[in-house]
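This report refers to the structure that appears directly beneath it.
The values are calculated or read from the model by the stated rules, or taken from the named source; none is laboratory data. Please read these numbers as outputs of a predicted model, since none were measured by experiment. Note: ideal-geometry Cβ built from the backbone for every residue, glycine included; neighbour counts use all protein chains shown. Calculation scope for accessible area: heavy atoms of the full protein, side chains included, ligands and nucleic acids excluded. Shrake-Rupley method; radii C 1.70, N 1.55, O 1.52, S 1.80 Å.
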Amino acid sequence: MKPFIVKILLFSAVSTIVLAGCSSSTSGSASKSSSTPAGTNAKKKLKVVTTFYPMYEFSKQVAGGHADVIALVPAGAEPHDWEPTAKDMTQIQDSDVFVYNGAGVEHWVEKALNSLHKDSSIVVEASKGIELMEGTAEEDEDVHEHGEDEKASIKPGMVMDPHVWLDPVLAQQEVLAIQAAFEKADPAHKEDYKHNATEYISKLQELDQLFRNTLADVKRKEFVTQHAAFAYLAKRYGLTQVPIAGLSPEEEPAASKMADIVQFAKDHQVQTIFFETLVDPKVAETVASEIGAKSAVLNPIEGLTDEDKKQNLDYIGIMKMNLNALKLALNE
């Protein structure tokens with residue numbers, strides 16, 4: 001073989017080996033790169049576990065893109081009666097931040113937290129620091145039997161009303177409590193959490209002003225509800241809630257209480273009896289039928305229904321629907 005041909009063959013072989021080595025190296029780097037997310041030193045998102053819808057919504061608004069937020073109580077479930085499963089307990093255990101309303105909605109929380117090791121995460125009782133209103137499981141029946149003057153001395157069965165999220169002003173305080181927890185858990189994004197909370201609180205302030213303006217000149221101030229969930233809202237806007245049952249949405253009122261409500265509705269010419277989503281409306285419909293009134297929804301926003309989700313409704317959207325329902329009923 002001629003010398004120059006040998007040289008050409010040797011050069012080709014060496015080139016092939018070198019190129020193969022480069023290709024292998026490049027392929028390995030690409031493989032490694034594809035399995036490693038961009039910004040490997042970036043802090044992972046917070047894992048935030050909330051109990052029921054308002055806590056989920058407020059947390060999502062504050063978190064923005066910095067947290068994965070889940071709600072334990074599923075859509076369509078009544079949070080007063082809901083109980084966590086073993087899987088739910090694991091979710092709480094593994095969370096960076098756990099958010100609940102408190103004041104008795106989540107009756108299982110204290111026992112659950114005592115059974116878990118939560119030293120490494122932050123627990124937020126969103127209603128903590130808010131001045132709660134008193135109520136009882138048999139609230140109005142106690143008044144019926146004992147009289148208003150004796151109500152304050154009735155201790156058996158006394159509970160605190162937890163429905164603070166239905167007052168747009170108190171909802172702002174809950175948002176601030178959640179903001180503080182997120183800043184503590186993830187100080188690197190403190191300014192973002194502050195910005196998000198400020199933006200959402202401004203929307204809640206607009207909602208509050210809308211309620212004030214709309215309800216300022218209504219014809220009547222009393223409204224009848226199936227469930228005593230609207231005391232904070234009523235107090236904020238100068239209204240009077242007249243509940244058929246107490247704080248528990250499943251509570252069955254006594255016959256004497258039903259008679260009192262019917263008489264009240266007749267005396268005050270009430271033409272709308274409010275019931276709520278997630279609970280059987282039969283009690284409200286019974287009273288409405290007795291006095292020839294209609295029934296309508298006043299939503300305590302304890303959870304979203306499938307229909308709410310289809311309509312892309314959120315806390316503020318449902319509160320505006322509540323306001324419209326109250327406006328119509330109080331101007332009849």
Inset, instruction - Go through segment 177-288 and tell me which helices (runs of 4 or more DSSP H), entirely inside it, have 1 or more residues that are among the hydroxyl-bearing types (Ser, Thr, Tyr), open to solvent by 20 Å² or more (accessible area, probe 1.4 Å) and without any contact (Cβ under 8 Å) to a residue 60 or more places away in the chain. - result: 190-215
Inset, instruction - Just need a number here: residues in segment 104-130 that are among the hydrophobic types (A, V, I, L, M, F, W, C), more than 14 Å from the chain's Cα centre (by Cα) and closer than 25 Å to Asp280 by Cβ. - result: 1
Legend entry - All positions within segment 81-101 that are part of a loop (DSSP other than H, G, I, E, B) and either surrounded by 22 or more Cβ atoms within 10 Å (Cβ to Cβ) or among the acidic types (Asp, Glu) (or both): Asp81, Glu83, Ser95, Asp96, Asn101
Inset, instruction - Look at segment 43-68 and say how many of its residues are open to solvent by less than 20 Å² (accessible area, probe 1.4 Å), outside any helix (DSSP H, G or I) and of a type outside the set (S, T, N, Q). - result: 5
